[in-house]
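Each remark here refers to the structure printed beneath this line.
The values are calculated or read from the model by the stated rules, or taken from the named source; none is laboratory data. Keep in mind it's a predicted model, so treat the numbers as computed, not measured. Please note: Cβ atoms are built from the backbone with ideal geometry, for glycine as well, and neighbour counts cover all protein chains shown. For accessibility, only protein heavy atoms count, side chains too; no ligands or nucleic acids. Shrake-Rupley method; radii C 1.70, N 1.55, O 1.52, S 1.80 Å.
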Amino acid sequence: MCGIVGYIGPRDAVPVILNGLKRLEYRGYDSAGLAVLSNRHIEIRRASGKLSNLESLVAELPVSGRLAIGHTRWATHGAPSARNAHPHASRNGEVVVVHNGIVENYLELRQELLADGVVFASDTDTETIVHLVEQDLSSGLGLVESACRAFRRLKGAHGIVLMSDREPDKIVAARIGNAGGVVIGFGQDEMFIASDLPAILDHTHRAVFLESHQVAVVTQGGVTVQTLAGAPVDYQVHDLPWDPVASQKGDHRHFMHKEIHEQVRSLADTIAGRVDFDAGRIHLDTLSLSPKLARSLHKVVIIACGTAYHAAQVGKVLIERIAHLPVEVDIASEFRYRDPIIDPHTAVLAISQSGETADTLAAMEEARKKGALLWSIVNALGSQAMRIADGFISMQTGPEIGVASTKAFTAPLVDLYMLAVLLADLRGVVDSANLRKLVSDLALLPDLVGRCLDRESEVVSVAQALKDTRHCLYLGRGINMPIAYEGALKLKEISYLHAEGYPAGEMKHGPIALVDPDMPVVILAPRDPWYEKMLSQVEQVKARGGRVVAVATEGDQHLASLADHVLWVPETPWLLSPVVTVIPLQLLAYHIADLRHLDVDQPRNLAKSVTVE
Ligand code: F6R
């Protein structure tokens, strides 16, 4: 998804912009560009493909200046090409813009501009913005007013940054709706602008996050924030805790591999500060959950997309089993348009790694309108999903760079478990011995996950056996059914193999017809309450000549004798088993993709942060 960087200050802006864009590479993009104010004129460099193409272009045609904006593009309107890459310039070259989002009324605006004699230089919706600004600027209005007048005409959700050589002392940035964030970072006599924190964390740890429908006027000395109508707005400067070093790959060949291995630490961090093992209690202070509030709840609705949705499905089992509270789980893009039945006794919980997913944010807004109590589980501190919620749980995993989510899947599983235990405690539905057991089991997790990772070489052997397959079926049941979905999603997104996750009990109603020796079937059969049922599933697949890869509890020789391959996991309390069973499936997907020589960290067509609908 598009990434934005801006700089104004005493140094050469070009390396700052290129470095910032590099930090955003993980989001996925198809072209990149930058615009620099150089000798009072704006110079633009744009290239399709990887960022290294833009770097080569800048090396061939050097440019420097103290004011610049840059962009990585993920095509929506117009093919990925240098011509369609941002920044886009006005006809007279006086204004340039970079943009994240979709101008929903761009056809109408384009017709209007064409009728005014504007000639378009690209096929993008973004270009309409810069021509609108230029029209007002040419009629004598100032840059900020011209920009705001243009912004007010745009339908849809946007992050926009623009500058002009007519007013070379400022950059104007706006956030309209939920098309991803706009963050303004403070340096020493210099300022930074970005769509995402990693782009500026090398330079600053103090930043302002724009709210929807706010405009920032950024100068070398600071920032003022206003509404689209021009009314001044007070803002809060946040201290940012993330360490940019944590964004580096270290010894690992891929970020995804690093992040899979980081789960021992990230789960320990997730638990840290939240669990009082001595008292047998959970503390989730950022949720502000009182016993009265917990008892007043009639229902929890969990909304999310993709991998986060699979975490939500596990959350349903956890909260219903542990806290005895009904839970509905919904895909955010469905929830937002379904007119869901929500009342003030419903807590709506959004799960989002980025905290900026457009569908999830829109679903949260829908829940807010209907009067729900609004919670979120987010990884990106300061993100919109964190800020608009009444309470939140931070995943505490650090930045996740690999597009395929791994550590930001297991962290919310643990957050959901802790939430379930806390709700059970506050609602008085669990006795103290059980409560103490539920809490103390959390301490086992980092070690259990570490033991799965220690078996990586066995997973590599299975990956070698499966790497040339065309299809793969994943079956699970109960609390491990969502892990079948998640295992299949990981495989399909990074290895481009067709993989399907299925509730095992549904096999006999159709999908069993697919089973033959060419269809490997990954069967999740740890020792949980569904174990016996999963054993008979293994028998059924074998009886039809299928190839079984079993995820099995260490020591389960019976299952091993039935299966063709085994991915071993240590014995785990069943309510926490998804945190463990998913680890070999993450590794399996990673190694199959790697053996197929694919771009594991940046799979085709995907973006890390999905800020368009
Ligand atoms: C898959 C993956 C996506 C995201 C989904 C939601 O590996 O990463 O399916 O889980 O796009 O993203 P967030 O959690 O940022 O809302």
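Computed values, structure above
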{"item": "Relative contact order (percent, whole number), region 426-544, Cα cutoff 8 Å, 6+ residue spacing", "result": "24 percent"}
{"item": "Of all accessible heavy-atom area on region 274-321, the percent that carbon and sulfur account for (1.4 Å)", "result": "50 percent"}
{"item": "Backbone HN-Hα couplings from phi across region 564-576 [Karplus 6.51/-1.76/1.60, Hz, Gly and Pro as x]", "result": "7, 9, 10, 10, 7, 10, x, 4, 9, x, 4, 5, 9"}
{"item": "Viscosity 1.567 mPa s, 4 °C: Kirkwood-radius Stokes-Einstein D of region 472-541 over Cα pairs, µm²/s", "result": "108 µm²/s"}
{"item": "Relative contact order of region 170-226, pairs being alpha-carbon contacts under 8 Å that are 6 or more residues apart, as %", "result": "43 percent"}
{"item": "Computed label-point distance, nm, for sites PHE277 and ILE341 using a 7 Å Cα→Cβ extension", "result": "4.5 nm"}
{"item": "Cross-link table LYS155/LYS369; LYS170/LYS608; LYS258/LYS316; LYS50/LYS155; LYS292/LYS407; LYS407/LYS608, entries beyond 22 Å C-alpha to C-alpha", "result": "LYS170/LYS608; LYS258/LYS316; LYS50/LYS155; LYS292/LYS407"}
{"item": "At 0.692 mPa s and 37 °C, Stokes D of region 1-88 from Kirkwood alpha-carbon radius, µm² per second", "result": "262 µm²/s"}
{"item": "Nearest 10 degrees, 0 to 90: helix 306-323 Cα axis against the chain principal axis", "result": "50 degrees"}
{"item": "Amide hydrogen neighbours beyond the local backbone of GLY501, cut-off 5 Å, H modeled", "result": "TYR474"}
{"item": "Over region 265-317: Kirkwood hydrodynamic radius from C-alpha pairwise inverse distances, Å", "result": "13.5 Å"}
{"item": "Length-normalised contact order for the chain - Cα pairs under 8 Å, 6+ apart - percent", "result": "12 percent"}
{"item": "Vicinal HN-Hα couplings computed from phi for region 371-376 (Karplus, 6.51 cos²θ - 1.76 cosθ + 1.60; Hz; Gly/Pro x)", "result": "x, 6, 6, 10, 10, 9"}
{"item": "Rg followed by Dmax, in Å, when region 522-613 is reduced to its Cα trace", "result": "16.1, 49"}
{"item": "Estimated dipole of region 9-83 in Debye, rounded to 20 [Cβ of Lys and Arg +1, of Asp and Glu -1, Cα centre]", "result": "160 debye"}
{"item": "Cut-off under 5 Å, modelled amide H: who pairs with GLY177 long-range", "result": "HIS158, HIS213"}
{"item": "Where region 473-613 is the region considered: accessible area per residue in Å², 1.4 Å probe", "result": "35 Å²"}
{"item": "Rg to Rh, two decimals, where region 137-237 supplies the alpha carbon set and Rh follows Kirkwood", "result": "0.95"}
{"item": "Using θ = phi - 60° and Karplus 6.51 cos²θ - 1.76 cosθ + 1.60, couplings along region 529-541 (whole Hz; Gly, Pro as x)", "result": "x, 9, 4, 4, 5, 5, 4, 5, 5, 4, 4, 5, 5"}
{"item": "Using distinct alpha-carbon pairs, which all enter the 1/r mean, Kirkwood radius of region 270-425 in Å", "result": "15.2 Å"}
{"item": "Region 60-121: proportion of alpha-carbon pairs further apart than 12 angstrom, %", "result": "77 percent"}
{"item": "Cα pair distances in region 437-555, grouped into 5 Å bins until the bin that holds the longest one, percent each", "result": "2, 10, 19, 23, 21, 13, 6, 3, 1"}
{"item": "The chain, helix-only ellipticity at 222 nm - DSSP H runs n ≥ 4, -39,500 (n - 2.57), divided by all residues, nearest 500", "result": "-10500 deg cm²/dmol"}
{"item": "Bins of 10 Å from zero: percent of alpha-carbon pairs in region 1-148", "result": "12, 42, 35, 11, 0"}
{"item": "Antiparallel %, DSSP beta bridges [both residues in the chain], to 5", "result": "60 percent"}
{"item": "Unit charges at the beta carbon, dipole of the chain: most positive-side option, HIS471, HIS71, LEU18", "result": "HIS471"}
{"item": "Per residue value of the accessible surface for region 305-364 (all protein chains in place, 1.4 Å probe), Å²", "result": "34 Å²"}
{"item": "Debye log10 I(q)/I(0) at q = 0.08, 0.11, 0.12 Å⁻¹ for the chain, Cα point scatterers", "result": "-0.59, -1.04, -1.18"}
{"item": "Positive-pole candidate from ILE282, LEU210, GLY49, dipole of the chain, charges at beta carbon", "result": "ILE282"}
{"item": "Which of PHE192, PRO80, VAL5, positive extreme of dipole for the chain (C-beta unit charges)", "result": "PRO80"}
{"item": "Sulfur and carbon atoms: percent of accessible area, region 411-498 [1.4 Å]", "result": "50 percent"}
{"item": "Rounded to 10°, Cα long-axis angle of helix 445-454 versus longest principal axis of the chain", "result": "90 degrees"}
{"item": "Largest to smallest principal axis extent of the C-alpha atoms in region 1-42, angstrom", "result": "33, 17, 11"}
{"item": "Overall form of region 28-77 per C-alpha gyration tensor (a/c, 1.5; a/b vs b/c)", "result": "oblate"}
{"item": "Compactness of region 366-479 - radius of gyration and Dmax, Cα, Å", "result": "18.7, 53"}
{"item": "Degrees separating the helix 358-369 axis from the principal Cα axis of the chain, which is the longest one", "result": "80 degrees"}
{"item": "Solvent-accessible area, 1.4 Å probe, carbon plus sulfur percent, for region 182-234", "result": "49 percent"}
{"item": "ILE377 long-range amide H proximity, modeled H, under 5 Å", "result": "ALA350, ILE351, SER352, ILE393"}
